[in-house]
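A short reminder: the numbers here are calculations on the coordinates, not readings from a lab. No experiment lies behind these values; they were computed from the predicted model shown. Here Cβ is always computed from backbone atoms with ideal geometry, including for glycine, and neighbour counts include all displayed protein chains.
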Amino acid sequence: MLYEYRLYTALPGKMGLIATVLKEAVPMFEKAGMKVLGPWKPIVGQTNTVVYLLGFENAADREEKWNKFKNDPEWKEKRAKFGTEPITSSEFNTLLKSTSYSPAK
């Protein structure tokens, strides 16, 4: 299993919009076949961020499902409602693979 960790840092006043975008995106991730392990909002530390994890079988599966998501006409329509104004000051993502001793396989 391959896990994708994504972290978005909101611009001042944009945290609510990031949350709204994710509320719309999560069902679309699932529609594209992604395993949504969850979005989280930190309550200690850098609280102007949103974190979420997605699961994939492998890198090819990840690429296929992201392409399906990005090209979905329903997602394009939803995404257009949010405009093109930046809402994040930074975005970070990394791919994670379970260790042999991890309970997450």
Of the residues that make up the range 86-93, is at least one within 20 Å of residue 18 (Cβ to Cβ), without any contact (Cβ under 8 Å) to a residue 12 or more places away in the chain and of a type in the set (Val, Ile, Thr)? no
Within the range 15-39, the count of residues that are under 10 Å from the mean Cα position of the chain (by Cα) and at positive phi comes to 1
Take the residues in the range 60-85 that are in contact (Cβ under 8 Å) with a residue 40 or more places away in the chain and of a type in the set (Phe, Trp, Tyr), then tell me which one is surrounded by the fewest Cβ atoms within 10 Å (Cβ to Cβ). 82
Mind listing just one residue for me: the one in the range 13-59 that is β-branched (Val, Ile, Thr) and without any contact (Cβ under 8 Å) to a residue 60 or more places away in the chain and, of those, nearest to residue 73 (Cα to Cα)? 26
